[in-house]
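Trainee: Sharing a structure below in structure tokens format, with a few things to ask.
Taken together, the values in this text are just the output of simple stated rules run on the coordinates, not laboratory data. Everything quoted here is computed from the prediction, not taken from an experiment. Cβ atoms come from the backbone with ideal geometry, glycine included; neighbour counts cover every protein chain shown.
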Amino acid sequence: MFRRVLIANRGEIAVRIIRACRELEIETVAVYSAAGRDALHVQLATRAVCIGPARAAESYLNQAAILTAAVETGCDAVHPGYGFLSENPDFADLCAKCGLKFIGPSGDVIRQMGSKAVAKALMRRSGVPVVPGSEGAVDLEEARRVADEVGYPVLVKASAGGGGRGMRRVDRPEDLPALFQAAQSEAVACFGNGELYVEKLILHPRHIEFQILADSQGNVIHLGERDCSIQRKNQKLIEESPSRALTPQLREEMGQAAVRAARAAHYESAGTIEFVLDEDGRFYFIEMNTRIQVEHPVTEFVTGLDLMREQLRIAAGLPLSVGQEEVRLSGCAMECRINAEDPREGFRPSPGRVEFLHLPGGPGVRVDTALFGGYQMPPYYDSLCAKVVVWAPTRLEAVRRMRRALEELMIQGMVTTAELCHLILYQPDFVKGQYHTGFLEENLETLMAWDCGTEG
């Protein structure tokens, strides 16, 4: 096992990694920007190093500064968490060159799966269903041909994209040129890569992802699914497991496809295979996330496994602690992402100073956060400030428990998505588990009216 790990991240995921390392008796080195001197992960780590100014480009994305800190503090591994450099293949390669173990897959695997076009081609060869569309990056003329072939509406998507950026829905042929250019410009700005591909838009889909673990001994397993269909701006807001949309047979088929996908990629570490599920029960590969996910606690609750511990074990060359036949899914888990955003202002970021903080507790409740009283949440990074996660024997009990937990949560000093999540938990279709990725877009106005007391 590792002696000392540098955590190339911040916020709640850095705290989560520190906790896992602490239980494995691994020392931790936190890195921070000038805006994070008082951050919780800095206070909890064995040691902390400032790596640059507040802007992410000069700190958490500064590969040279991070690697220098890792080498000079005698680390033998680097954990990237999620976001920032977690899916940067060059950074993974540089870690290896510096004699540091990158806690994740190899740079070659990240590079391969980071290109959605390449990943889709690999899935086709491996018998994993993919959404009809182009087989690689396309120019505008080729995009026209593919769109005409598969039929409108289509999605134009950045090959190197993620988080809903570099993506545009196209409903009519005459709209394609302008939307293609807009997606390309955003892709260049966000990812430095303007390659686009085209795929058929699946109407009213569920977004279903399967958690996988794979070690260096060739063992690959899945840990069931998470339904991530409640989204705003193509970014997840509420996740749950198991999904009400899956039958036992479909769950088995999708789980086997996820394992095939991971094997085809020669994957090692924790990762996620993401699918869309159409209204007729057909599923299609979207992408592979080559990192730990924000919503991993949902799977931890229903399996009883510590995914961060497993990820560290895999990186250290140890085999998986469980086999597929030993995985048991129990009860229902649900996560609400609490973002410092104002739903009434188009989810505008609204970071501020935590004037008062009270976190919910009780049976089956977990809160992952880096907030504390008096903390000034910086405006430079992701808006996620907490994750409220619950477990209960049944879905209805989980919904009720999450309602109670959100009612107990108090974060004074900033506007968050907590109230919106609470309202969603009372929406009849959500309570019945009958929703799709367009749920929030279709219901946001009504939910906000409920909050104002103008309906019902």
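Trainee: Between residue 189 and residue 140, take the C-beta separation as r, use R0 = 25 Å, and let me know the FRET efficiency to the nearest 0.05.
Mentor: It comes to 0.85.
Trainee: For the range 187-231, taking Cα atoms only, what is the radius of gyration to one decimal and the Dmax to the nearest whole Å?
Mentor: 16.1, 40
Trainee: Using the count of nearby Cβ atoms within 10 Å as a rough guide to exposure, how do 268, 445 rank from fewest to most?
Mentor: The order, fewest Cβ neighbours first, is 445, 268.
Trainee: Could you list 2, 283 so that the one with the fewest beta carbons within 10 Å of its beta carbon is first and the one with the most is last?
Mentor: Result, fewest neighbours first: 2, 283.
Trainee: Tell me the volume per residue, in Å³, of the convex hull enclosing the alpha carbons of the range 4-103.
Mentor: Given the Cα convex hull of the range 4-103, per-residue volume reads 78 Å³.
Trainee: Quote the FRET efficiency, to the nearest 0.05, computed for residue 412 versus residue 47 with a Förster distance R0 of 25 Å and r equal to the Cβ-Cβ distance.
Mentor: The calculated FRET efficiency here is 0.15.
Trainee: How do 157, 432 rank when sorted from fewest to most other Cβ atoms within 10 Å of their own Cβ?
Mentor: Least to most surrounded, the residues fall as 432, 157.
Trainee: Another question, if that's okay. Nearest 500 deg cm²/dmol is fine: what mean residue ellipticity at 222 nm does the chain get from its DSSP H runs of n ≥ 4 alone, each adding -39,500 (n - 2.57), divided by its residue count?
Mentor: Result for the chain, helices only: -10000 deg cm²/dmol.
Trainee: While we're on this one: Taking square-rooted eigenvalues a ≥ b ≥ c of the alpha carbon gyration tensor, is the range 321-400 rounded, prolate or oblate, where a/c under 1.5 means rounded and, failing that, a/b exceeding b/c means prolate?
Mentor: Since a/c reaches 1.5 and a/b is larger than b/c, the shape of the range 321-400 is classed as prolate.
Trainee: Next up: What is the calculated FRET efficiency for residue 345 to residue 217, with r their C-beta to C-beta distance and R₀ = 51 Å, to the nearest 0.05?
Mentor: It comes out at approximately 0.50.
Trainee: I would also like to ask the following. Order the peptides 21-28, 321-328 from the highest to the lowest mean number of other Cβ atoms within 10 Å of their residues.
Mentor: Most protected by this proxy first, the peptides run 21-28, 321-328.
Trainee: Same structure again: Need one word for the range 361-456: rounded, prolate or oblate. Basis is the Cα gyration tensor (sqrt eigenvalues a ≥ b ≥ c); a/c below 1.5 gives rounded, then a/b vs b/c decides.
Mentor: Cα axes put the range 361-456 in the oblate bin.
Trainee: Here's something else I'd like to know. Treat each spin label as a single point 7 Å out from the Cα along the C-beta direction, and report the residue 356 to residue 152 distance in nm.
Mentor: 5.4 nm
Trainee: Over the Cα atoms of the range 83-159, what is the Rg over Rh ratio if Rh follows Kirkwood?
Mentor: Reported Rg/Rh (Cα atoms, Kirkwood Rh): 1.11.
Trainee: Follow-up. Contact order normalised by length for the range 66-159, with contacts defined as Cα pairs under 8 Å and 6 or more residues apart; what percent is it?
Mentor: Reported relative contact order: 20 percent.
Trainee: Measure out, as a whole number of angstrom, how far apart the alpha-carbon centroids of the range 406-440 and the range 130-203 sit.
Mentor: For the range 406-440 versus the range 130-203, the Cα centre distance is 31 Å.
Trainee: Turning to a different aspect of this structure: Given the range 132-200, what whole percent of its Cα pairs are spread farther than 14 Å?
Mentor: Tail of P(r) above 14 Å: 47 percent of Cα pairs.
Trainee: Under 37 °C and 0.692 mPa s, how fast does the range 206-452 diffuse according to Stokes-Einstein, given a Kirkwood radius computed over C-alpha pairs? Answer in µm²/s, whole number.
Mentor: 175 µm²/s
Trainee: Residue 22 versus residue 174, label points 7 Å from Cα toward the beta carbon: distance in nm?
Mentor: 6.2 nm
Trainee: In addition: Mean 1/r over all different Cα pairs, inverted: what Kirkwood radius does the range 28-80 give, in Å?
Mentor: Averaging 1/r across every pair of different Cα atoms and inverting gives 11.0 Å.
Trainee: Now for a different question. Which residue, chosen from 396, 285, 218, occupies the Cα position most advanced towards the positive end of the dipole of the chain, where the dipole is computed from +1 (Lys, Arg) and -1 (Asp, Glu) charges on Cβ about the Cα centre?
Mentor: Value computed over the given set: 218.
Trainee: Each label point is 7 Å from the Cα along the Cα-to-Cβ direction; what then is the distance between the points at residue 429 and residue 253, in nm?
Mentor: 2.4 nm
Trainee: Which whole-percent values make up P(r) of the range 101-230 when all C-alpha to C-alpha distances are grouped in 10 Å steps starting at zero?
Mentor: Final binned percentages: 12, 37, 35, 13, 3, 0.
Trainee: Where in the chain are the DSSP H helices whose alpha-carbon span along the long axis reaches 18 Å or more and whose Kyte-Doolittle mean is at least -1.0?
Mentor: In the chain, the long hydrophobic H runs are 11-23, 176-191, 248-264, 439-452.
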